[in-house]
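Here the structure is laid out as structure tokens; the discussion comes afterwards.
No lab work stands behind these numbers, since they all come straight from the coordinates. What you are looking at is a predicted structure, and each value in this text was computed from that prediction instead of being measured. Cβ placement follows ideal geometry from the backbone for every residue including glycine, while neighbour counts extend to all protein chains displayed.
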Amino acid sequence: MKPAVIKVKTEDLKRIKELILESKHASSDITMGEYEAFRIRFAEESVIAYTSGKIVSNGPRAEAIVQIAVRSLTPDSAEAGLVIGSDEAGKGEWLGPMVVAAVALTPNQSRLLQSLGVMDSKEVPIERLGELTTEIESTCSSRSVLLISPQTFNERFEELHKEGKNLNDLLAWGHSKVIAEVYNDITSNTPIRVVVDEFARKKTEQRLSRVVPLEEIELIQRPRAEDEIAVAAASILAREAREVWIDRFSDKVDVDLRDLSVPEAYKRNDKLTFSKLQYLKKMAERK
């Protein structure tokens, strides 16, 4: 069994340690190195927490007690209400589509998904994306995924360029679309926060104001928003959808697109169907 990895806020580490140690099967162990926050022996297995907020459980019993501890954390006032998080995948990569996703979570849903390993998709092994996607889809209050194929991206990018606009305009449209779909799908009597990874504050707000009543929500745009579980969940849905698209298109053309070098991809007659041409061209010119 591979170690189970989750990530929590660093300020939660102390309370998680206390909760685990309440069990008669748990005992403190000596930490090894400055980056370890604590070590605990649990039923002959180990739990290792790092100062970064990552917790590694070596064994099924250790994994279970960590999950219980995380789910037992009391949400602070900032976590009250329902959160809609949005994120994207593939915006700066030449291969495959750009995908934007949004997910709505209650505090309890957030804790559950966090305990199962939902974190920024860049920190999740590719082989776990499908499993976590299933957990997110079965747990969340609502979700929306928008996939912009390479061909559509190329066409839209060219249109925006002619209008004097750029990628941020396309991103703002994509985020506002999925957020609006989720917002209109949920029924909540509690406060709603919308959290977006910051990329173009004014454009995002302007786009959202057309489709969501901003006076009824709290809009938060900030860097590294993936530490909000709803945003992390959205990043996983977006990345999984992109990876699935690449797999299916690779099967369609009978070539593993991930194995193509930039020069090889640029020479192909069908490159517009699987690549974002502007990015591919720039990379090819650097070679």
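Round to the nearest 0.05 the FRET efficiency obtained for SER138 and SER72 when R0 = 25 Å and r is the Cβ-Cβ distance. Computed FRET efficiency for SER138 and SER72 comes out at 0.70. Per-peptide packing, taken as the mean over residues of other Cβ atoms within 10 Å, places 23-33, 95-105 in the sequence 95-105, 23-33 from highest down. The amide H of ASP29, built 1.01 Å from its N in the peptide plane, has ARG39, ILE40, ARG41 as neighbours under 5 Å, considering only residues 5 or more places off or on other chains. For SER46, the amide hydrogen comes within under 5 Å of the amide hydrogens of ASN58, counting only partners 5 or more places away or on other chains and with H modelled in the peptide plane.
Residues of segment 42-70 with amide nitrogen under 17 Å from the 7 Å Cα-to-Cβ point of LYS24? Once the point is set 7 Å along Cα→Cβ of LYS24, 42-44 turn out to lie under 17 Å by backbone N, inside segment 42-70. Inter-label distance, ALA64 to PHE199: 4.2 nm, where each label sits 7 Å from its Cα along the C-beta direction. Backbone phi angles across segment 145-151, fed through the Karplus curve with coefficients 6.51, -1.76 and 1.60 (θ = phi - 60°), yield HN-Hα couplings of 10, 10, 9, 9, 4, x, 4 Hz in residue order; Gly and Pro are listed as x.
For the pair ASP254 and THR273, label points projected 7 Å from Cα toward Cβ lie 1.3 nm apart.
Taking a point 7 Å from the Cα of GLU123 along the Cα-to-Cβ direction, the residues of segment 43-70 with backbone N closer than 15 Å to it are 48-57.
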